[in-house]
Amino acid sequence: MGSSLCCQTEEKSSAATEPKTCNQCKQVIQGGVLTALGQTWHPEHFWCNECKEPITEEKFRVNDGFPYCTPCFSKCFAPKCHACDEPIMDKCVQAMGVNWHEDHFVCKDCKTKLIGTQFMDLGGVPHCQKCYIAKHADKCKGCSKPIADKAIIALDAKWHQMCFRCSRCSKPIMKDQSFQVDAGKPHCVKC
């Protein structure tokens, strides 16, 4: 983006030994001198590159070497938060292909902050792992509990690895084992 927050501007008096020249009008500055971006200016000639109004803020923004007032900078260059559509002027969280205010990158269900945690993207909406597992994860056909890890897919359903069992001997049928189906129920090859 090429933008950055610049240092505070400094008002200086004309007590310097040699006269200062305004970077804008190229005239000698009589009275107050504003020093910014390595140049000197009449205070009224240091203006925003967008709205052309004098910058009166102590801090201003810079993009490609040009000064901007905060409202113009935010309108022209600041990324917008995916949650609130407002400009992000401080820390920007980039997740799921979009930008977020730090306080707006939260779980949709419990509102827990997700920075620095593992989260799930469910249709472009972030969820913490706890809420995802409790409310959105696939349920095991054997025990009806959420499947948080690897699953076995068999008989048009998903199963925890230890829940997919032979209906006769109750031993788990592992993912690389063969099985047969009788009356819609799995049976290990031994049974």
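The values are calculated or read from the model by the stated rules, or taken from the named source; none is laboratory data. Given the structure is predicted, the values throughout are model-derived calculations rather than measurements. Using ideal geometry, Cβ is built from the backbone for each residue, glycine included, and neighbour counts are taken over all protein chains shown.
Screening C48, C81, C69 for residues that are surrounded by 13 or more Cβ atoms within 10 Å (Cβ to Cβ), closer than 30 Å to D121 by Cβ and under 32 Å from the mean Cα position of the chain (by Cα) leaves exactly one candidate, C81. All conditions in (1) part of a loop (DSSP other than H, G, I, E, B); (2) touching a strand residue (DSSP E or B) at 6+ places or on another chain (Cβ under 8 Å) hold for C143, with the sole exception of (2).
Residues in segment 114-140 that are without any contact (Cβ under 8 Å) to a residue 12 or more places away in the chain and surrounded by 15 or more Cβ atoms within 10 Å (Cβ to Cβ): A137 alone.
For segment 90-145, filtering for residues that are under 30 Å from K59 (Cβ atoms) and in contact with a helix residue (DSSP H, G or I) (Cβ under 6 Å, 6 or more places away or on another chain) leaves 2. The set of residues in segment 97-114 that are among the polar types (S, T, N, Q) and more than 9 Å from the chain's Cα centre (by Cα) contains only T112.
Does V28 count as more than 25 Å from I88 (Cβ to Cβ), surrounded by 15 or more Cβ atoms within 10 Å (Cβ to Cβ) and more than 35 Å from the chain's Cα centre (by Cα)? Spelling it out, it is not the case that V28 is more than 25 Å from I88 (Cβ to Cβ), surrounded by 15 or more Cβ atoms within 10 Å (Cβ to Cβ) and more than 35 Å from the chain's Cα centre (by Cα). Where strands (runs of 3 or more DSSP E) fall entirely within segment 45-101, those with at least 3 residues that are closer than 28 Å to G32 by Cβ are at 61-63, 66-68. Is it the case, given these coordinates, that D182 is under 47 Å from the mean Cα position of the chain (by Cα), surrounded by fewer than 17 Cβ atoms within 10 Å (Cβ to Cβ) and not assigned by TED's automatic domain parsing to the domain that holds H127? The answer is no for D182.
Considering the conditions (1) closer than 27 Å to D90 by Cα; (2) modelled with pLDDT under 90, K111 is excluded by exactly one of them, (2).
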